[in-house]
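The values are calculated or read from the model by the stated rules, or taken from the named source; none is laboratory data. Note that this is a predicted model, so its numbers are computed, not measured. Virtual Cβ from ideal backbone geometry, glycine too; neighbours counted across all protein chains shown.
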Amino acid sequence: MSKARHPFDKPGRAARGPSAGPGPGPGYSPANSNTRIHGPRPFVPPVPAAPAPSVASPSSNLGLNSDRLRALMVQRLREQGIGDARVLAAMQAVARHEFVDQGLASRAYEDAALPIGFGQTISQPWVVAYMLSVMCQGRDPSRVLEVGAGCGYQAAVLAQFVPEVFAVERVRGLYEQARRNLAHARARGRVRLSFGDGMRGLAHHAPFDGIVVAAAGVKIPETLLEQLAIGARLIAPEGASRQKLILIERTGPASWRRQELEDVRFVPLRPGTQP
């Protein structure tokens, strides 16, 4: 791997990139992690109460209503400016309620982040759709890395249209949870899930056609930038008290182009692993 200077160490290296793709649409601002935090609140169709479960399994909490609720979620994403047909179809295909706690299953299709344990959250649907749409705009990625797999939902969405998805999770309990969820969703065979330090990426599988980071570092790790293929994009939140989504495109062996997008709030990106 080359020892190129970090692209943001000197003024002028962080030039603005090309258009970020789908418009941001109306804002949404629940006070929790993994969410967009500015702009007016859009109209959200009321979510019907979920039927009582007949058996104790994650999928039974919503039953046949889940298809209809996912369709409402996808319709809302279109109204909020998401236009990538691949991403919308993937989010229609993946049952989000199977990736959250049974007690929260009836809220799975709201545009809100939800807790998944270990101090982490599953990102709100708009954030997932927006990040993937921007990363994939004008591209047909075949090899994507996700840093911060969490409960496995975003990896499952990616696996609907990306042939090779690699995901890293640093929290052992979440790693095990993601394994179970992906198996239940029949997506584990399409996602290569690893337990490890996501800040280090997966150099032995690089380069990647895209990288999506689901936690905010004060600075995007240079190691991840080096694992991008030339012409590929990375999208990640960056910052501490104030965070923004950052889009980075690798333009050459030692050059990158940077663009600031939405204000967001994510859980912090941490080094190492947590048993």
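Take the conditions in contact with a Phe, Trp or Tyr (Cβ under 8 Å, 6 or more places away or on another chain) and over 20 Å from Tyr130 (Cα atoms) and apply them to Gly173. Does it pass? Judged against the criteria, Gly173 is a match. For the condition out of contact with any strand residue (DSSP E or B) (no Cβ under 8 Å at 6 or more places or on another chain) and of a type in the set (Val, Ile, Thr), Val218 does not qualify.
Taking the stated definitions as given, is Ile220 outside any strand (DSSP E or B) and out of contact with any Pro (no Cβ under 7 Å at 6 or more places or on another chain)? Yes, satisfied. Taken over the range 158-180, the criterion of being under 22 Å from Glu226 (Cα atoms), more than 13 Å from the chain's Cα centre (by Cα), β-branched (Val, Ile, Thr) and in a strand (DSSP E or B) is satisfied by no residue. Kindly establish whether Val165 is at pLDDT 95 or above and under 19 Å from Arg96 (Cα atoms). The answer is yes for Val165. Tell me, which residue of the range 70-104 that is in a loop (DSSP other than H, G, I, E, B) and more than 22 Å from Arg190 (Cα to Cα) is modelled with the lowest pLDDT? The extreme case among them is Asp101.
Of Phe166, Phe99, all but one fail to be surrounded by 22 or more Cβ atoms within 10 Å (Cβ to Cβ), within 29 Å of Ala206 (Cα to Cα) and free of Cβ contacts under 8 Å to residues at least 60 places away in the same chain; the exception is Phe166. Restricting the search to the range 107-150, which residues are more than 12 Å from the chain's Cα centre (by Cα), under 29 Å from Gly231 (Cα atoms) and either without any contact (Cβ under 8 Å) to a residue 40 or more places away in the chain or not in a strand (DSSP E or B) (or both)? Of everything in the range 107-150, those that are more than 12 Å from the chain's Cα centre (by Cα), under 29 Å from Gly231 (Cα atoms) and either without any contact (Cβ under 8 Å) to a residue 40 or more places away in the chain or not in a strand (DSSP E or B) (or both) turn out to be Cys136, Gln137, Gly138, Arg139, Asp140, Pro141, Ser142. Testing Ala155 on (1) at pLDDT 95 or above; (2) more than 22 Å from Pro207 (Cβ to Cβ); (3) part of a helix (DSSP H, G or I), one condition comes back false. Which one is that? For Ala155, the exception is condition (2). Of all the numbered requirements in (1) more than 15 Å from the chain's Cα centre (by Cα); (2) surrounded by fewer than 20 Cβ atoms within 10 Å (Cβ to Cβ), Arg250 misses one, and that requirement is (2).
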